[in-house]
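Values in this text are rule-based calculations from the coordinates and carry no lab data. None of these values were measured; they are calculated from a predicted model. Counting neighbours? That spans all protein chains shown, and the Cβs are built from the backbone with ideal geometry, glycine included.
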Amino acid sequence: MIAPLIPSVPLNSLDQLWIQVSGTVCNLRCSHCFISCSPDNHSFWFMTREQVRGALEESASMNVKEYYFTGGEPFMNNEIEGILEDALAFGPTTVLTNATLFPPRRVRELRRIQDASAHPLELRVSVDGPSAEINDPIRGEGTFDRAMEGVGHLVAAGFRPIITTMQSWPCEAMPCMLQAFRDALATVGYDEPRLKVLPPLLIGEEAKRNRPYRSCERVTHEMLHGYDLDQLLCTRARLVTATGVYACPILLDYPSARLADTLTEAVRMRAPLAESACYTCYENGAICSNATTGTGESRGASSCDQVPAVASTCTEGAVSTCG
Ligand code: SF4
Ligand code: SF4
């Protein structure tokens, strides 16, 4: 039962099904990770191919438009290739990755999986700066070079990964940072890259690295008057984990966001906007999606080239404030 003082929103349509396929297990230990993933964070364990198949089958009648796989690092799940093959039978599939576990053999396998499917397979690669000097203090020594090598293999195999970065620089620096990304990616053969800039979420490790939310940074009932609720991912998505279904992929660590044991139950539940991270969604819109409008329709690949999150992030404040 949601306390009446806490605003909540219904699921309007299940456009996106997110799957926490590697739980909280990651080969990296990034200093900004909003769910504090690491090699030894076993709070949420890997999902088996059978568990994922069960979720896909459960979703089959729910008009899901896109499937997203996240973690942790999805490619630490040793069943990931088969899991992606299964998902692509159901619809367009995106996997979020740090691209540090991409030997050529794996990329060839991803190419084979994509070629065998009528649905697109998107790779979303997280890199937190256009150079090792900016990225590595956040993601770990050597991770920039490893990720860029992974991107190079993907591009050589015909993929156009979406390069995702958390904005850790002032808005004035945005044009030169974006140009630096383009220059760096060109060195591994990726011209006219698709870039997506995300605002920081001040939870998990990022609350320690940056700052926690202020007590006033919360979504209230009043703030929702006249607000386009489609901007919030939780009105259009649910997250399936090995141990239950959550309102969204951001609030994995928050019991308030665990809605039900099954997807069928969870789609009927309202998502409580109980946590301060909801404030960042409120200010910035559907930050987790590849690139979507508030109507739930994909704007397609080209919108990533224009970095749609940047303008709103920079005009309204990269880090939320109370006014
Ligand atoms: S931010 Fe991504 S790559 Fe880094 S620890 Fe978290 S899940 Fe792993
Ligand atoms: S963090 Fe965002 S997507 Fe998740 S419940 Fe809050 S508003 Fe919804």
Under the Debye formula (equal points on every Cα, no solvent term), log10 I(q)/I(0) of the range 221-277 at q = 0.27 Å⁻¹: -1.14
Amide N proximity, the range 79-100 versus Thr187 label position 7 Å along Cα-to-Cβ, cut-off under 19 Å: 99-100
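Once you have the Cα-Cα distance between Asn12 and Glu149, take 0.36 nm times their residue separation minus that, and quote the gain in nm to one decimal.
Gain in length upon complete extension: 45.3 nm.
Assuming R0 = 30 Å, what is the FRET efficiency of Asp228 and Asp136, from their Cβ-Cβ distance, to the nearest 0.05? It would help to have the intermediate numbers written out before the result.
Numbers: r = 38 Å, r/R0 = 1.27.
The pair Asp228/Asp136 has a calculated efficiency of 0.20.
Dipole magnitude of the chain about its Cα centre, charges +1 at Lys/Arg Cβ and -1 at Asp/Glu Cβ only, in debye to the nearest 20?
Details: 27 positive and 38 negative charges, 31 e Å.
The calculation lands at about 140 debye.
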Cβ-based exposure ranking for Arg112, Arg105, in which fewest neighbours within 10 Å come first: Arg105, Arg112
Amide H within-cut-off set for Leu198, under 5 Å, with H built and near neighbours excluded: Thr165, Met166, Gln167
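First obtain the Kirkwood hydrodynamic radius of the range 10-316 from its Cα pairs, then insert it into the Stokes-Einstein equation at 10 °C and 1.306 mPa s, and state the resulting D in µm² per second as a whole number.
On the way: Rh = 19.4 Å.
This corresponds to a translational diffusion coefficient of 82 µm²/s.
Counting each DSSP H run of 4 or more residues in the chain as -39500 (n - 2.57), what helix-only mean residue ellipticity at 222 nm follows after dividing by all residues, to the nearest 500 deg cm²/dmol? Before the final figure, lay out each step's value.
Working: 11 runs with 97 residues, N = 323.
Rounded to the nearest 500, it is -8500 deg cm²/dmol.
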